[in-house]
Every structure is written in structure tokens, then in C-alpha cells.
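Below: one structure, written as C-alpha cells.
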Amino acid sequence: MRTTKKHLAPLAIAAIVGLPVAVAAPASADNHSGGTELSADLSQLNDSGVSGTAWGMLDGNELTIQIEAQGLLAESPHAQHIHIGGDNTCPDPNMEGSGFEGAIRTSDAAGSYGGVKVSLTNEPGQTGPEAALDVENFPAGETVDYERTIELPQDVAQDIKAGNGVVVLHGVDHNDSGSYDGDQESDLDPSLPSEATDPAACGEFNVAQMNMPQDGVATGGGSTQGTENAGALAMGAAALGAGVFGIAATRRRSTEDGR
Ligand SMILES: [Cu+2]
């Protein structure tokens, strides 16, 4: 499957080229202020029409997160979380779910994004999994413009720092009635319609990629030689990785054709 391939490719490249990937790694870790910057492109699930971005800065166990999104069902609350677990990815938007006309319900995609670890409520809402459906304190409306600073449990902070978080926005009006309704009960809370909790958008909360290995630039006694070489090496590694994969793919194809 696609998600599997996405996970395996970087590892496979690392195994093949060895050293160069380790050299390139510091460029993506911590930024100059000592925190870890994260970002996610939110794309639609369930043909919701929702799109947006999430940005985060993790400093120790303290996460400042901003979410901007549009295309949500107006005048309706939208639960939003950081999920962790499963493959730590978003599901294939075309996956067949157990919901309305094959819609993806929240638990259908648990194998991709795991469970709720952070509830992105407004003040004074709690921020742990216990507040996953704290409808009163979630943003409501067609657009989301959210910011909050949250103290995370250490294990959650470590997972997010490792790029394992997935940002999910919920609430989809499958039948275009203008509100959450329908016969199907939510898989998370049977007192709610499934529309109220079905996922509307998803984005993998990745550690932001820096353009330059900042450590190399800052510490060098006027020598930028090392950084330039590291960059060239990293690019060479990427090219080499692509080349090896191209050859492997061609071989596999011709072998299959030959039988
Ligand atoms: Cu969620």
C-alpha cells in the first residue's frame, strides 16, 4: 500500500547510502530558538471540501499550535485533535469506511492515525483525550483560526517531536442538510450522529524541514566549506537513492514481464 511504501523508502535509502543521510539529518531537527518546528497540510477526508494548515512549535513539553482551515460546516462545532498511533499517517481518502455511503468514520482509520492524544480545545477546555468530544469548547463554524499553547505529557511530546502526530478535524455534513444529523450513530459517542465526529480533514504533523544545517553555519570559524559539502553529499545521496530505486523498479518489472 501507499502508506507502507512511504515509510519504507527513507529507511531503504538510508540502508543503501548509509552515511550521507546521517549528515543531512540535523537540518530538520531543532531550529535556532531551541524548539522543534512542525507543520501539516490539512487535506480533505470524506469529500468534505476542507483544507488548511497546522503549524506548531514544541519547546520541551510545551506545544504552541496554530490551525487555519476553511470549508467546514457552518455553525457547527468541529472537534480537532492530535492523534498518535497506528502508522502515524493519514488514511487514504479513498478508503472504504463503515459510514454513510462508505464514508470513513473516525475509528475506521485508527490503523492509520491511532487514537486521540491531544484535544485542541479553546480555553478553558481540557486538552487530553478525556476532552475528545468536548463540543462546547471546540471551534465552531466554516473556518478555523485557532491558537493555543498546551503543556503535554512527556511521552506525547516525544512522539510529536518524532513527527508521529497527525492533526485531524472532525464533522462532515454528508447529506448536505446544513447540520449534523442522519440515522447513523457516532462510533465515538452513540448520543451524537456520526456526521458530528466523522473526520473532515487530516494532516501529518511533520518536523519542519530547514533549508540549511544551521549548526554548521553557526559554529564554523568562518568555514562554510563543511556545510556546502554536507549539502552536496545529501543531494548526491538523494540522487543515488532515486537511481537505485529506478533500477530496482525496472528490474522487477522486466522480471515480471518475462514470466
Ligand atoms: Cu480526532
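What the Cα convex hull of the range 71-158 gives, in volume per residue, is 114 Å³.
Paramagnetic label reach from D134 (point 7 Å along Cα→Cβ; backbone nitrogen cut-off under 17 Å): within the range 45-86, residues 62-67, 77-83.
Database remark: amide H of L45 closer than 5 angstrom to the amide H of V50, A201, C202 (H placed geometrically; neighbours at sequence offset of 5 or more, or on other chains; Pro and chain starts carry no H).
For V144, the residues 5 or more places off, or on other chains, whose built amide H falls under 5 Å of its own are A69, Q70.
Taken over the C-alpha atoms, the range 24-133 has Rg and Dmax values of 15.5, 48 angstrom. For the peptides 144-153, 86-95, residues were scored by their other Cβ atoms within 10 Å and the scores averaged per peptide; the highest-first order is 86-95, 144-153.
For the range 33-207, the alpha-carbon radius of gyration amounts to 0.95 times the rule-of-thumb value 2.2 N^0.38 Å expected for a compact globular protein. Amide H contacts under 5 Å for Q184: S194, restricted to partners 5 or more places along the chain or on a different chain, H placed in the peptide plane at 1.01 Å from N. On a per residue basis, the range 33-207 carries 43 Å² of accessible surface, using protein heavy atoms and a 1.4 Å probe. Heavy-atom accessible surface of S39, to the nearest 10 Å², is about 50 Å², with a 1.4 Å probe and all protein chains retained. Across the range 200-205, rounded Karplus estimates of 3J(HN,Hα) from the backbone phi angles (6.51 cos²θ - 1.76 cosθ + 1.60, θ = phi - 60°) give 9, 7, 8, x, 6, 8 Hz, Gly and Pro being marked x. Each residue, Q70 and N175, gets one label point 7 Å from its Cα in the Cβ direction; the gap between the two is 3.0 nm.
The values are calculated or read from the model by the stated rules, or taken from the named source; none is laboratory data. Note that the structure is predicted; figures quoted are calculated from it, not measured. Cβ: placed from backbone, ideal geometry, glycine included. Neighbour counts: every protein chain shown. For the accessible areas, the whole protein counts, side chains as well, though only heavy atoms, and no ligand, DNA or RNA atoms are used. Shrake-Rupley method; radii C 1.70, N 1.55, O 1.52, S 1.80 Å.
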